[in-house]
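The values are calculated or read from the model by the stated rules, or taken from the named source; none is laboratory data. Just so it is clear, the structure is predicted and the values come from calculations on it, not from any experiment. Heads up, the Cβs are rebuilt from the backbone with ideal geometry, glycines too, and the neighbour counts pull from every protein chain shown.
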Amino acid sequence: MTESTVSLRAPFAPGEPYELDRARCRKLLETALSKGGDTADVYAEFAVGGSMVLDEGIVKSASRGVSLGVGVRVRKGDAAGYAYTEDLSWEALVRAAETAAQIATGNPVAPQDVTERSVPSRYNVKVPSLLVSGFEKRELLLQADRAARAADPRITRVEASLNESYREVLMATSVGIFARDIQPMIRFGVRAIAEENGKRQSGSSGGGGRMGLEYFSHPGKSPVEHAQEAVRSALAMLDAREAPAGEMDVVLAPGDSGVLLHEAVGHGLEADFNRKGVSNYSGRVGSMVASELCTIVDDGDVPFNRGAVNVDDEGNVPACATLIEKGVLRGYMHDAHSAKHFGVAPTGNGRRESFRSVPMPRMTTTMLLAGPHDPEEIVKSVKKGVFARKFGGGQVDIASGDFVFSISEAYLIEDGKITAPLKDVNLIGNGPDALGKVTMLGTDLAISDGIWTCGKDGQSVPVGVACPTIKISGMTVGGTDVSR
């Protein structure tokens, strides 16, 4: 193998003829630019995925799949031509490049020589989970099942699942980038259902990240501990009362509450929406858009995190992008196209679901950084309000920032103390408005434990979220009890 040849190095990846070297990539880029496109890129991917689901103590499903293909993109102005193929013969690769080239008309453009880019190592995994015996993985699921059932007789049903993947990617661009990455991922989950006196509630717990089964050896991450947390949540909600309705103070727990930040604010800071002028943040760089307490970053450099990437899907290495600093909008998350439009450097946020998809600005791990307040003092400052511990689903309008989120585990705050569990809680508001009402911010920044997937324009990518304890004053709570 020559020095310029890049082998698909995953332990289960194919070798010849599924190797692309710099010379082959350059020829594909030349073909892609043969009709005068502005830029072109080649994206190759080999991915293996698997899952196992345990229900009622029995493995109900187990699967394994392989995906392999190459996509070629050509940009001309704001337009893009894209073609992909799962046939990796040279003839098929050339046809894909010729198809993408049709977006342009003009004289051929010569690509720059591609040079291999050095990338960091943010998630080096010694033993991919996909190489571990299925019996060992089943035992992990059974541990969770047994622990949940033994915890309390009111637990009537337990489900546990393990999803895993190993993805190798290669990018070559007409601006001279040649980069590759191997991206592991696991996600574990437990769901427990509790029943008592005709009432039924469920609780869940899970996590994972870009790692192997060593994840379970970390404190608080074992199958038993996840099962115990799922049981705790389910039992707590058995006694839930009707949620109050109206405007009141809301305290968000650290960690997974960052999903509200991700949806209500993060998407509006992705540069494609701002390039098109459809975001609430369009044209507002340098303006106050949040409380002075708020500094928000998107950081792909969080080791082993679900949202971490060594290199984005355009070959750019992510850094920590400051989006909002002390309430002032500083910038957006960029892919190569939006970065050129705004005259800035790419932030490493060009991401795609697979070789079948075009890249676009997407979040990695979006964080609201810690503030100066003691978390206990934040709760004590609330006379009557809601403490949101775990989030469910939500809907957001990107243009306006308006959102509705359901809370899967919430509690009433009365006279500075967390008291009764609440059911059917919804938070209703506007992202920029909510950020402006942040009056206290805890010192306890926490990163989510690898459970979130982000959807945009039909594509899904893994992401992380992080935040400290947050107090938002005067937020609308949608509940069923209006007798305040």
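Some observations on this one:
- The one condition in (1) within 19 Å of His262 (Cα to Cα); (2) of a type in the set (A, V, I, L, M); (3) surrounded by fewer than 23 Cβ atoms within 10 Å (Cβ to Cβ); (4) in contact with a Ser or Thr (Cβ under 7 Å, 6 or more places away or on another chain) that Val404 fails to fulfil: (4)
- Test: residue in the range 455-468 that is crowded, with 17+ Cβ neighbours inside 10 Å and closer than 24 Å to Lys383 by Cα: yes
- Only one entry in Ala434, Ala420 is within 26 Å of Arg232 (Cβ to Cβ), touching a residue at least 60 places away in the same chain (Cβ under 8 Å) and not aromatic (Phe, Trp, Tyr), namely Ala420.
- Residue, modelled with the lowest pLDDT, within the range 166-184, restricted to residues that are more than 17 Å from Ser118 (Cα to Cα) and surrounded by 21 or more Cβ atoms within 10 Å (Cβ to Cβ): Tyr166
- The single residue among Gly474, Gly442, Gly464, Gly455 that is modelled with pLDDT under 95, within 27 Å of the chain's Cα centre (by Cα) and in the same structural domain as Val259 (by TED's automatic domain parsing) turns out to be Gly455.
- Taken over the range 328-344, residues that are more than 20 Å from Val74 (Cα to Cα) and either outside the structural domain of Gly266 (by TED's automatic domain parsing) or among the aliphatic types (A, V, I, L, M) (or both) amount to 4.
- Within the range 301-321, none of the residues are closer than 20 Å to Asp78 by Cα and either among the hydroxyl-bearing types (Ser, Thr, Tyr) or surrounded by fewer than 24 Cβ atoms within 10 Å (Cβ to Cβ) (or both).
- Odd one out for Ala399 among (1) surrounded by 15 or more Cβ atoms within 10 Å (Cβ to Cβ); (2) modelled with pLDDT under 95; (3) more than 18 Å from the chain's Cα centre (by Cα); (4) not polar (S, T, N, Q): (1)
- Within the range 71-110, the set of residues being part of a strand (DSSP E or B) and free of Cβ contacts under 8 Å to residues at least 40 places away in the same chain comprises Ala79, Ala83, Thr85.
Results for (1) part of a strand (DSSP E or B); (2) hydroxyl-bearing (Ser, Thr, Tyr); (3) assigned by TED's automatic domain parsing to the domain that holds Ser357; (4) in contact with a Ser or Thr (Cβ under 6 Å, 6 or more places away or on another chain), shown as yes or no for each residue.
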{"site": "Pro153", "(1), (2), (3), (4)": "no, no, no, no"}
{"site": "Glu159", "(1), (2), (3), (4)": "yes, no, no, no"}
{"site": "Arg187", "(1), (2), (3), (4)": "yes, no, no, no"}
{"site": "Lys221", "(1), (2), (3), (4)": "no, no, no, no"}
{"site": "Glu225", "(1), (2), (3), (4)": "no, no, no, no"}
{"site": "Glu229", "(1), (2), (3), (4)": "no, no, no, yes"}
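- Matching residues in the range 267-290 - criterion: being more than 23 Å from the chain's Cα centre (by Cα), more than 14 Å from Asp433 (Cβ to Cβ) and of a type in the set (A, V, I, L, M, F, W, C): Val285
- Of residues in the range 297-311 being in contact with a Lys or Arg (Cβ under 9 Å, 6 or more places away or on another chain) and aliphatic (A, V, I, L, M), the one farthest from Met333 (Cα to Cα): Val302
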